[in-house]
Each structure stands twice: as C-alpha cells, then as structure tokens.
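S.K.: Sharing a structure here in structure tokens format.
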Amino acid sequence: MAVSGIFYVSVDRGFRMKSWLVALISGIAALVIGLLIGHFAIPKDGITEQGQGSAQDIDESLIRRFMSEVDNKRIEDNLRELSKKPHMATTKGDIDLVNLMLDRWQDKETGLDEAKNMTYNVLLNFPDKNNPNRVAVVAPNGTELFKSRIKEVNYTKDQLDPDVVQPFAAFAPAGECKGRLVYANYGTMDDYQHLNKTINLNNTIAIVKYGGTGRGDKGINGARFGVSGVIVYTDPADINDGKLSDKNETYPHSWYLPPSGVERGSYKSNFGDQLTPYYPAKGYTFRQAVSNIKGLSPIPAQPIGFEDARQLICGLTGDKAPEGWQGGLGCTYRLGPGFHNESSFADSHVTVSVHNKMEIKPSDNVIGIIRGSVEPDRYVIYGNHRDSWVHGAIDPSSGTAVMLEISRVLGKMVKEGKWRPRRSIIFGSWGAEEFGLIGSTEWTEEYYKKLIERTVGYINVDIAVFANATLRANGSPAVQSVVFDAAQQVTVPGHQDLSVYENWKKYSNRTSPLHGVIPNMGSLAADSDYAPFFHYLGISSMDISYTYDKTKTKARIYPAYHTAYDTFDYASRFIDPGFTSHQTVGRTAGNVLLRLADSAILPFNIRDYSEAIEQLYQAAKEEFNTELSNHNISLDPLHSAVTKLKEAADGLHVRISEMQDRSASPLKLRMINDQLMLLERSFLDPMAFPDKLYYRHIIYASQDSAVGTFPGLADAYQRATVEGGSWDDVRKHLTIITHTLESAASTLEAVI
C-alpha cells in the first residue's frame with residue numbers, strides 16, 4: 001500500500017515535490033559546473049588569488065620568482081628619494097615621507113590591500129635654533145678661549161640644507177654647568193669609580209667617548225659621583241682606524257668620519273613615550289609629570305666632533321690615563337682635572353650650555369597590510385623606522401628602501417592575482433625611533449592583546465647595509481633555522497657559486513652541538529624596533545643586515561652614523577656602490593618573510609632554543625657554582641628544568657617530523673603552530689624585572705653583568721658578590737628561571 005500511496009497525493013503537494021526536485025537537481029548541476037570551472041580556472045602553478053586553501057604551503061618556485069624581481073636599481077632610486085632631505089621625527093621632511101609611504105602602499109598596481117597612518121602624541125626633545133648648545137673654555141677673567149662648532153663642515157650641498165639639525169643630545173636637560181675638565185674614558189660606572197679613587201669629581205665636567213655604555217648612562221653614572229656636565233665625542237681610534245685628516249683620509253675621500261662630524265642620539269635609558277609607559281600616547285591617555293620620568297640624565301650633556309675634543313683632551317693635566325683608555329687623537333690622554341700649564345687653556349674652566357626643549361608632538365606610524373587567505377588572524381610583521389637625525393641614508397633609509405622594494409614585489413603579485421599569503425603580512429614604518437623606539441612601542445601598546453595572541457614573528461631591517469662584506473643577523477634562537485634556510489638560497493653579490501650562508505660562515509661562525517659549524521647569529525639587545533616586540537610581547541624576532549669585515553676595520557659602526565654625512569652620496573660611493581648588498585638583504589629578508597607567511601608548519605626549530613638555554617646554564621655553572629655552593633644554593637633544580645625543556649622540544653620536533661602530510665587537519669596544524677609561536681611568550685615573566693620598563697623576557701633581558709647567562713641571575717650574583725647585595729635575590733631569580741623553563745616545557749608537551 002505504500003507504493004500506491006505515492007500516486008494518490010494532492011495536486012498541491014505534488015507540485016511542491018516537483019519544485020523541490022527541480023531545485024535539488026539544479027543545485028547539484030550548479031555545484032558540478034562550479035567545481036569544473038574552479039578546476040580549469042586554477043593557474044598552472046596552483047595558486048589562486050585567494051591562495052590554495054588550508055593545504056597551502058611554501059612554494060619554492062614563488063620564492064625564486066620573488067628574489068629574481070628584487071631590483072637593486074629600484075632600491076637605489078628609493079634611497080635617493082628617501083634621503084634627499086633631512087627627516088627628523090615630526091619635521092616636514094618626516095611628514096613628506098609619511099605621504100610617500102602611503103602613496104607607495106596605496107598604489108593601484110603594486111600597492112597593498114590596505115595602508116593607513118596612525119598618530120601618537122609623544123614627548124620629544126629638540127635644540128633651540130636661536131640659542132645653540134655649546135661647549136666652551138672660559139678663562140679666569142671670563143674670556144671665552146674656545147667654542148665648539150655648532151655645525152659640521154660642508155663638503156657637499158647636503159650639509160648646507162637649512163633643515164640639518166645642530167648636534168645635540170636628545171633628552172639631555174637644559175642648563176649651564178661649569179667646572180674643571182676630567183677625562184672619563186667611556187663614562188661607565190667602572191670608569192667613574194676608577195677616577196673617583198684619585199680625583200674629587202664634584203662639580204667637574206667629564207669628557208667621554210661614545211661606546212662602552214648607553215648614551216644616557218654616561219650622564220646618569222657621572223651624576224652619582226658629583227659630575228655636573230658631560231661632553232661626548234667619537235674617538236677616531238673607535239671609528240676611523242686612526243684616520244684624522246679631511247684633506248685626503250676621511251669623507252669625502254673615504255667612508256671615515258671627518259673631524260667635525262658629530263654623532264647625535266637619544267640620551268635616555270627607557271624606550272617608548274616617556275610620559276605614557278605601558279599605554280599608547282593617545283588623546284585619552286594619562287600622562288605622568290616630566291619630573292617622574294626615570295632613565296634620563298640629570299645633568300646637561302652635549303656631543304662634539306673629535307677635532308674639538310682633541311683641543312680639550314690634549315690640553316689636560318694630571319695622571320696619564322690607563323693604557324686601555326688611550327685613543328686616536330695623537331696625544332697622550334691624561335685624566336685631569338683641568339689643563340696643564342703649557343696649554344693655552346691653563347687655569348681655565350669648561351662650560352656646557354644646553355638649551356634643549358621638551359615638546360609633545362604628533363608622530364605617525366604608517367601601516368601596510370596584505371591579508372592572509374587561510375590564516376588571516378596570524379600576523380607576520382616586517383618593520384623599520386622612518387625618521388632620521390639628518391638625511392639618514394644608511395640609518396634608517398637603507399632599510400626603508402629595501403622594505404619598499406619587498407612590498408612592491410609582493411604587492412604586484414597580489415594585485416595580479418598570482419599569490420596571496422597564507423597568513424597576513426603587516427609592514428610597519430615606525431615614527432620617532434631615534435628618540436627611543438617610540439612609534440613601534442606605542443603601536444605594540446595599543447594593540448597589545450591582539451599582537452601577543454596572533455603574531456607569528458617580527459622581522460626588523462633597520463640599517464640594511466653597514467658595509468658590503470657579509471650578512472649579519474641577530475635574533476631569537478627560534479628563528480635561526482628560517483634565517484639559515486633563506487641565506488642558503490641567496491647568493492653573494494658577484495659570486496653566483498657562493499651562498500650568503502657559506503660566506504657568512506667564513507666571517508663569523510660557531511660550533512653547535514646540533515648542527516656542527518654554523519654561522520654565528522647574535523642575540524637581540526634593545527637598539528632598534530624589534531625591542532618592544534621581543535622583550536615586551538615575547539614575539540620571536542630578528543634583525544637582518546649586511547656588514548663589514550671586522551678583520552679590516554675596528555670601526556664600532558659605520559663612521560658617518562648619526563652625522564650630517566650620512567647621505568646618499570656617502571652611501572652610494574662608500575657603503576654599497578651598485579646597491580647589490582641592499583638587494584642581497586632584500587632577497588634574504590623577503591625569503592624569510594615568505595617562509596613565515598606561507599609555510600603550513602611554522603619554520604621554527606625549537607631545538608635551537610633548548611640548545612641556547614643549555615649553553616646559558618653551562619655558563620652559570622662554570623662561573624657561579626662554587627660560590628653558590630658556599631651559600632647552600634644548588635643549581636640542580638635549574639638543571640632539571642633545562643633537561644625537561646630539552647626533552648619537550650625534542651618530543652615536539654619528532655611529532656612535527658612525523659607529520660609528512662601538510663594537508664593534515666587545519667586544527668592539528670593550528671595546534672602545532674600555536675605551540676611553536678607561543679614558546680617565546682612562555683619565557684615572559686612580568687614580575688621578573690620590576691625596575692626595568694618593558695623587559696619581561698627572562699632569557700634575554702638587559703643586564704649589567706658581563707657573564708653570558710640568564711640576565712636576572714647574573715645581575716643578582718654580581719650584586720651579591722661585588723656590591724654587597726642579598727643572596728636571597730639570587731635564590732629568587734633561580735626560582736624565576738626554573739619555574740619559567742618548566743612552564744615553557746609544559747607548553748611543548750603533547751596535549752592530553
């Protein structure tokens with residue numbers, strides 16, 4: 001009866017059934033047609049405009065295509081445009097570059113999906129144009145016998161630009177101080193302690209060299225001993241390999257610093273906006289009083305050129321400075337105080353007059369975005385600051401010139417529908433970095449929760465090219481493997497049979513228990529925009545550049561650094577003629593970017609991290625174990641935590657190796673990738689360094705101790721053994737490290 005029942009339906013019900021069947025058949029037909037169209041519409045390389053779905057993985061042919069399109073001539077053109085005018089933060093030159101970045105990233109053919117500027121109102125510090133800062137020598141009768149230059153010597157039209165800022169020490173307080181001159185080497189605590197043994201430093205003026213410690217620390221340290229003002233200069237022994245004459249030895253004849261060249265810089269210890277620590281400098285933000293800012297020099301400071309420094313140092317009286325304090329000015333350095341009787345400055349005092357002014361100014365970041373096709377909520381960030389002290393051809397425009405070329409090539413691929421990354425890529429042009437990493441810090445503060453949960457890694461290319469000998473990379477151990485992979489695929493300029501990796505290994509290498517002889521990748525300090533990403537957010541970060549052969553020069557950095565001579569002329573003639581090293585950095589950093597953005601499984605070898613931590617433990621054991629035992633402090637719990645982390649890292653590495661099928665469950669891929677991504681976060685402890693703003697990474701925080709081990713432990717041990725500190729502080733930091741490593745190990749273990 002059931003069969004007959006089919007035929008005895010009402011007309012209305014039969015009509016509805018027929019309509020349903022027609023719709024069903026039409027839907028199936030549409031689906032089949034759609035699948036066929038989709039199949040035949042896929043380009044031969046398998047890449048659609050929206051990516052390859054959840055199975056999308058790194059495409060080696062696309063990487064090769066990208067590297068072939070990175071153009072050294074375009075980078076050269078970029079640098080010429082970026083450095084044609086001085087562009088100190090918030091000046092017209094800087095604002096012009098904000099618009100340039102927006103224009104490039106909004107271009108219809110080679111631009112990104114989105115580009116915008118973001119403004120923060122931040123505390124900056126500028127000299128008074130109408131009342132220049134000066135260093136002077138004043139005779140007992142009040143006559144000025146000497147005045148420091150307020151402008152560097154002109155060799156090209158660049159130095160004549162009216163927007164070249166006079167040399168100054170940003171954030172050095174305004175004031176005038178007067179006293180007898182002493183020579184304090186680099187102005188470290190040890191240097192001042194040495195002087196204080198034989199000289200009453202109260203109300204003296206100290207002249208110190210750049211290097212050895214942070215700029216701001218030179219005044220902070222001196223003030224503790226009664227020093228009333230600081231003069232800072234770049235010694236030719238540290239930068240010029242002894243070259244002194246601008247007639248035939250220094251720029252414009254070579255890359256060496258001319259005698260009048262002055263290194264500008266920020267004289268503060270903490271990064272970010274000083275009035276709004278931990279919060280973005282927006283209109284709604286509470287701002288603390290300037291008097292509550294920590295990490296600023298309490299005494300006036302002013303930088304000068306080494307030609308002026310020579311007149312001061314070579315006239316000093318007193319004991320001969322230690323051999324390690326001697327420099328390259330062509331005379332015997334003495335400690336002072338004051339000038340010797342044969343000097344034309346005999347019986348005279350030195351004055352330091354500083355007229356800097358604090359101002360809250362609007363500073364812009366420019367953000368460019370390429371949206372990801374599979375995991376758009378996972379970010380790979382590539383950044384560099386935009387502002388400079390003067391023309392800034394090398395610092396930072398070499399890095400920005402490279403970033404613009406990388407973004408052009410990738411933007412063109414996206415616009416043409418040839419590629420879209422698996423994960424979202426964010427480009428950042430940070431503002432006011434030279435004043436202490438301000439733009440990048442404010443951005444990480446504003447988007448703290450989003451970035452800490454979603455960011456895969458941060459690539460920093462600030463000074464892209466110091467010189468043209470070899471790659472240099474600093475970074476978290478987590479990123480070592482992906483940097484090495486990229487460096488092995490890029491060739492050295494002019495040597496198609498030599499990889500960047502092999503060339504790097506020739507210049508700087510180490511022996512790894514895991515890998516044998518490999519290039520030596522340094523750790524991250526806090527001297528560029530990776531600092532807030534790494535130290536504050538715990539995002540695996542790196543800084544990539546090309547640098548010089550250290551066997552051929554003793555220069556601590558490229559000689560024109562932060563001076564009026566860091567120009568396109570300088571860069572194109574003496575740093576990288578032809579811009580092929582810039583191209584090499586672009587290919588290497590872009591290769592890393594693509595691997596982080598497209599690899600189905602993040603290309604982090606976390607065993608490299610466990611190896612690095614084992615080395616830190618061994619250093620602590622060798623340096624501290626005997627004295628710790630004398631105070632009944634054992635390193636055994638720490639060793640157990642180090643072992644536990646190694647075993648967990650090895651276990652995760654095996655599980656990843658066994659995942660041959662990269663089209664595994666998206667949830668399984670996300671689970672593995674989250675473990676890889678979040679390992680760096682597990683090393684953060686917000687309570688570990690209460691006196692250090694933004695430093696939360698217990699493996700790589702800043703430290704005073706010279707021992708290459710866990711920073712909190714090293715400093716606590718130094719305080720206990722040298723400064724009479726408490727051994728309980730040592731016990732506390734051992735607890736912090738042990739607990740953190742055990743917690744990190746648990747994040748790597750298989751999910752129960």
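S.K.: I need the helices of the chain that pass two filters: whole DSSP H segments spanning 18 Å or more by Cα along the axis, and mean Kyte-Doolittle score no lower than -1.0. Present the calculation step by step, with values, prior to reporting the outcome.
M.R.: Details: long enough: 11-41 (44 Å, 1.31); 92-105 (20 Å, -0.12); 397-415 (26 Å, 0.56); 580-598 (26 Å, -0.16); 607-630 (34 Å, -1.17); 636-657 (31 Å, -0.17); 727-748 (32 Å, -0.11).
What comes out of the filter, once short or polar helices are dropped, is 11-41, 92-105, 397-415, 580-598, 636-657, 727-748.
S.K.: Could you size up the charge dipole of the stretch 315-379 around its Cα centre, putting +1 on the beta carbon of Lys and Arg and -1 on that of Asp and Glu, and report it in debye to the nearest 20?
M.R.: Magnitude of the dipole: close to 160 debye.
S.K.: Continuing with this model, one more query. How about the stretch 283-384: which GluC sites (Glu not before Pro) there are in a DSSP loop, with at most 12 other Cβ atoms within 10 Å of their Cβ? Please list the in-between numbers first.
M.R.: Values: sites: E307, E323, E342, E359; in loops: E342.
Hits after loop and neighbour filter: E342.
S.K.: Turning to a different aspect of this structure: With a 1.4 Å probe and every protein chain kept in, tell me what percent of the accessible surface of the stretch 616-752 is carbon plus sulfur.
M.R.: Working: 3480 of 6710 Å².
It is 52 percent, rounded to a whole number.
S.K.: Return the whole-Å distance between the Cα centroid of the stretch 178-249 and the Cα centroid of the stretch 695-731.
M.R.: 26
S.K.: Mind listing which trypsin sites (Lys or Arg not before Pro) in the stretch 73-115 are in a DSSP loop and have 14 or fewer other Cβ atoms within 10 Å? Could the numbers behind the result be given before it?
M.R.: On the way: sites: K73, R74, R80, K84, K92, R104, K108; in loops: K84, K108.
Counting only loop positions with at most 14 other Cβ atoms within 10 Å, the trypsin sites (Lys or Arg not before Pro) in the stretch 73-115 are K108.
S.K.: Ignoring ligands, DNA and RNA, what percent of the accessible area of the stretch 349-458 is carbon or sulfur (1.4 Å)? Please report the intermediate quantities before stating the final value.
M.R.: Values: 1110 of 2330 Å².
That share works out to 48 percent.
S.K.: Something else now. Once each part is reduced to its C-alpha centroid, what is the distance from the stretch 518-564 to the stretch 68-100 in angstrom?
M.R.: Centre-to-centre distance over Cα atoms comes out at 21 Å.
S.K.: What size of dipole, in debye to the nearest 20, comes out for the chain about its Cα centre when the only charges are +1 on Lys and Arg C-beta atoms and -1 on Asp and Glu C-beta atoms?
M.R.: Details: 78 positive and 89 negative charges, 226 e Å.
Result for the chain is approximately 1080 debye, rounded to the nearest 20.
S.K.: Hey, got a sec? Which trypsin sites (Lys or Arg not before Pro) in the stretch 284-331 land in a DSSP loop and have at most 16 other Cβ atoms within 10 Å?
M.R.: Numbers: sites: R287, K294, R310, K320; in loops: R287, K294.
Counting only loop positions with at most 16 other Cβ atoms within 10 Å, the trypsin sites (Lys or Arg not before Pro) in the stretch 284-331 are R287, K294.
S.K.: Return a whole-number percent for the relative contact order of the stretch 640-752, with Cα pairs under 8 Å and 6 or more residues apart as the contact set.
M.R.: Details: 106 pairs, mean separation 42.0, N = 113.
Rounded, it is 37 percent for the stretch 640-752.
S.K.: Find the relative contact order for the stretch 393-479 and round it to a whole percent, using C-alpha pairs within less than 8 Å whose residues are 6+ positions apart. The partial results should precede the final answer.
M.R.: Values: 40 pairs, mean separation 43.1, N = 87.
Rounded, it is 50 percent for the stretch 393-479.
S.K.: Just from the alpha-carbon atoms, what are the Rg and Dmax of the chain in angstroms?
M.R.: 29.6, 130
S.K.: Round to a whole angstrom and tell me the spacing of the C-alpha centers of the stretch 325-404 and the stretch 578-649.
M.R.: Each part's Cα centre sits 30 Å from the other's.
S.K.: Explain nothing, just the number: relative contact order of the chain, from Cα pairs under 8 Å at least 6 residues apart, as a whole percent. Write down the numbers at each step before the final one.
M.R.: Values: 1586 pairs, mean separation 122.4, N = 752.
In percent, rounded to a whole number, it is 16.
S.K.: Can you send over the carbon and sulfur percentage of the accessible area for the stretch 58-163, probe radius 1.4 Å, protein chains only?
M.R.: Working: 2490 of 5400 Å².
That fraction is 46 percent.
S.K.: Which Cys residues of the chain have no other Cys Cβ less than 4.7 Å away and so no disulfide-compatible partner by this rule?
M.R.: By the Cβ distance rule, which asks for a partner under 4.7 Å, the isolated cysteines are C177.
S.K.: Still on this structure: Have a look at the DSSP beta bridges in the chain and tell me what percent are antiparallel, nearest 5. Walk me through the intermediate numbers first.
M.R.: Values: 48 of 80 bridges.
Counting only bridges with both partners in the chain, antiparallel ones make up about 60 percent.
S.K.: Per residue, how much accessible area does the chain have with a 1.4 Å probe, in Å²?
M.R.: Numbers: 30710 Å² over 752 residues.
Heavy-atom accessible area per residue stands at 41 Å².
S.K.: Right, next: Quick one: length gained pulling K108 to D527 fully straight, 0.36 nm per residue minus the C-alpha distance?
M.R.: Stretched fully, the K108-D527 segment lengthens by 147.3 nm.
S.K.: Determine the gain in length on full extension of the stretch D163-K116; use 0.36 nm per residue of separation and subtract their C-alpha separation, reporting nm with one decimal.
M.R.: Values: separation 47, 0.36 × 47 = 16.92 nm, distance 2.67 nm.
Gain in length upon complete extension: 14.2 nm.
The values are calculated or read from the model by the stated rules, or taken from the named source; none is laboratory data. Keep in mind that what you see is a predicted model, and the values were worked out from it rather than measured. All Cβ positions, even for glycine, are placed from backbone atoms using ideal geometry, and neighbour counts span all protein chains on display. The protein model used for the area step is the full one, side chains on, heavy atoms only, and it has no ligands, DNA or RNA in it. Shrake-Rupley method; radii C 1.70, N 1.55, O 1.52, S 1.80 Å.
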